[in-house]
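The values are calculated or read from the model by the stated rules, or taken from the named source; none is laboratory data. Here the structure is a predicted model, which means the values were calculated and not measured. All Cβ positions, glycine included, derive from the backbone under ideal geometry; neighbour counts span all protein chains shown. Just the protein is used for accessible areas: all its heavy atoms, side chains included, with ligands, DNA and RNA removed. Shrake-Rupley method; radii C 1.70, N 1.55, O 1.52, S 1.80 Å.
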Amino acid sequence: MNIMAQEVHSARMTGPRILLVVGGGIAAYKSCELVRLIRKGGGDVTCVLTEGGSQFVTPMALAALSENKVYTSLFDLKDEVEMGHIQLSREADLVVVCPATADLLAKMAAGIADDLATTAILATDKPVMAVPAMNVRMWEHEATQRNVEWLRQAGVHVMQPEDGAMACGEFGPGRLPEPETVWLEIAEALGVDPGDVGASEIADYLEALEPEDEPEADWSPDDEGEAVPDEESHGGGYRAGGLSALLASIIPRSTSHRVNDDAVAYGDDSFPQDDTGLPPLPQEGWGEAAPDGEEEPLPEPDMNSPLLARKGSASGAPSMDPGALINKDLEAMPMAAPGDPDAVVVADVVADPLDGQPAFELDPEYRPLFGKHVLITAGPTHEPIDPVRYIANRSSGKQGFAIAAAAAALGARVTLIAGPVHLQTPPGVDRVDVESAQEMALAVKKALPADVCIMVAAVADWRSRDVAMAKIKKRSSAPPALLLTENPDILATTAGSSNRPRLLVGFAAETDDLLENAKKKRKNKGADWIVANDVSDDVMGGDENAVHIVSAEEIDSWEPMPKRDVALKLMERIADALKD
Ligand code: C5P
């Protein structure tokens, strides 16, 4: 049980009581969905809306969803008589600040109490969780990072914002995690069962928005005669307009709806999931990371965008072929479906476990990692398009496997989450084979806690948003365009999770501006170290590697050396760091 869970043990008896502070920013709309999920999970929510927050959601919406009074001003004397801010903040089992703007985080760190929200946060004797959302530059600003670090040291659980595209064209961390992810984090902190959330919830609530008799995928010609997805129809991009339409849509209808059981199978995870085959929740490029007060325009599909967009800049080209990629029945697909827990299998022990593995001639008494659990991801991921095609990269998995072998040789208990590679399992290593990024994310979550996590895998940045059940046929008309969607960032999600390992190490494979990019990556992803390697030559698949260890304090550059030597040197450095 974690510290928070101990403190709020009593919450299990009655269902958790949450004081939700809703800050200003376009991401505030997600707090409505969060309220709904907390209620659905058996919790009770009381909302405090900041002045900024009330520019984006109304007290009435939050009151309707929470079925509790919503508090908005410190100077409401009537409320002071009925319920003072001290009482308000202490009646809760957990205070959740969501979205936590840069301003709110700064006030929290400085102990400023100039409105009801900040006063309640300052006055509480309960655990506090903050879910940041802001522009990437605001998030990366030294002042914000200093505040976050200070708050974390003070015991506030500050979640890591997600990476994503901003409507302003910027990309990076700053987006509010999806409400399902926040609710799972809350449930974990409180030690309560989150119930059924995730893909099925999304499916259920999106279905509630559909007119009962609307066909599944409805395509119609636009003014230029090209096929475009109809508003809110399955298989199409989300084009319904306006924040108010979105807010209205967040309040579910009371009719009961079919639960998508297929989707439930993939929903047991705090990582973002959207393989329900339904249209995505309005999220990408919605600018929840926009500077406070600015509403971002809805993204329109760019019919001329290239097949593979710059990372994070778009979710890809809309499909021009209504028939090609719309089969969403993953269960019936004759291959491992993304996120299918059954697809995560422990690999067989090989006949000769030493075959093809780096041999470390070490003194058997030398076991500096004895008693430590080391979690490693390695290899590429394969993102299915249809039963025979997938998106992949050239990662061989050799470096990650060598690190796993070295960790085991130094006495650690090692879990190796491996993408599809043709490598033998190193001796003494527990291996879990996965195909896709979503499976890898799920396997990592299941394997935690760990003392150290080293993420060497070259996780695909994007996956095909729709996976065809049958092989997509070649046809004489234009080839089908791939509609891509962002994969979960496993490293960043682990950094923000309550199970964060003591030492979190990421890899950065770059072809240019190696060190600058690695430094940024370390900060953006919340890792302790980044191992930067230049992949402009033949590092991927080769046996040699030249790396630089980028930490908060220094950059340690190593001579080119065989991958097995990099592995041993890295694990010895890690063993040293864990001594402190
Ligand atoms: O963003 P980029 O792929 O360059 O980041 C590299 C680091 O992040 C590696 O440690 C990789 O394992 C990790 N990563 C991840 N999940 C992703 C993408 C990268 O864990 N979706």
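Miscellaneous remarks
- Antiparallel bridges, percent of DSSP beta bridges restricted to the range 370-427 (to nearest 5): 25 percent
- Portion, in percent, of the accessible area of the range 102-191 that falls on carbon or sulfur, probe 1.4 Å: 51 percent
- In nm, spacing of pseudo-spin labels at Arg367 and Ser73 (7 Å Cα→C-beta vector): 6.7 nm
- Efficiency of FRET between Ala392 and Ala546 - r from beta-carbon atoms, R0 22 angstrom, step 0.05: 0.35
- 16 Å Cα-Cα reach of Lys471 towards lysines, excluding residues that sit fewer than 8 places from it in its own chain: Lys328
- Cross-link pairs exceeding 23 Å in C-alpha to C-alpha distance, out of Lys69/Lys126; Lys372/Lys523; Lys520/Lys579; Lys40/Lys69, comprise Lys372/Lys523; Lys520/Lys579.
- Annotation: peptides 385-391, 56-62, ranked by per-residue average of other Cβ atoms within 10 Å with the highest first, follow the order 56-62, 385-391.
- Here's how it looks for Val21: its modeled amide H is under 5 Å from those of Val48, Val96, Val97, Cys98, which are all 5 or more places away or on a different chain.
- Phi to ³J(HN,Hα) by Karplus 6.51 cos²θ - 1.76 cosθ + 1.60 over the range 505-516, Hz, x for Gly, Pro: 10, x, 10, 10, 9, 10, 9, 8, 6, 3, 6, 4
- When the solvent-accessible area of the range 379-441 is split by element, carbon and sulfur atoms take up 49 percent of it, the probe being 1.4 Å.
- Whole-number percent relative contact order across the range 422-486, with pairs defined as alpha carbons under 8 Å at least 6 apart: 28 percent
- When each of the peptides 470-476, 138-144, 421-427, 396-402 is scored by the mean number of other C-beta atoms lying within 10 Å of its residues, the order from highest to lowest reads 396-402, 421-427, 138-144, 470-476.
- Per-peptide average of other Cβ atoms within 10 Å, ordering 145-154, 407-416 highest first: 407-416, 145-154
- Beta bridges per DSSP, both residues in the range 434-580: antiparallel share near 55 percent.
- Extension gain for the segment Asp193 to Glu510, taken as residue separation times 0.36 nm less the Cα-Cα distance, is 110.0 nm to one decimal.
- Note: relative contact order over the range 375-427, using C-alpha pairs below 8 Å and six or more positions apart, is 46 percent.
- Here Lys521 is the anchor, and the lysines within straight C-alpha reach of less than 16 Å, apart from those fewer than 8 places off in the same chain, are Lys311.
- Residues Ser477, Ser66 ordered from highest to lowest accessible area at a 1.4 Å probe: Ser477, Ser66.
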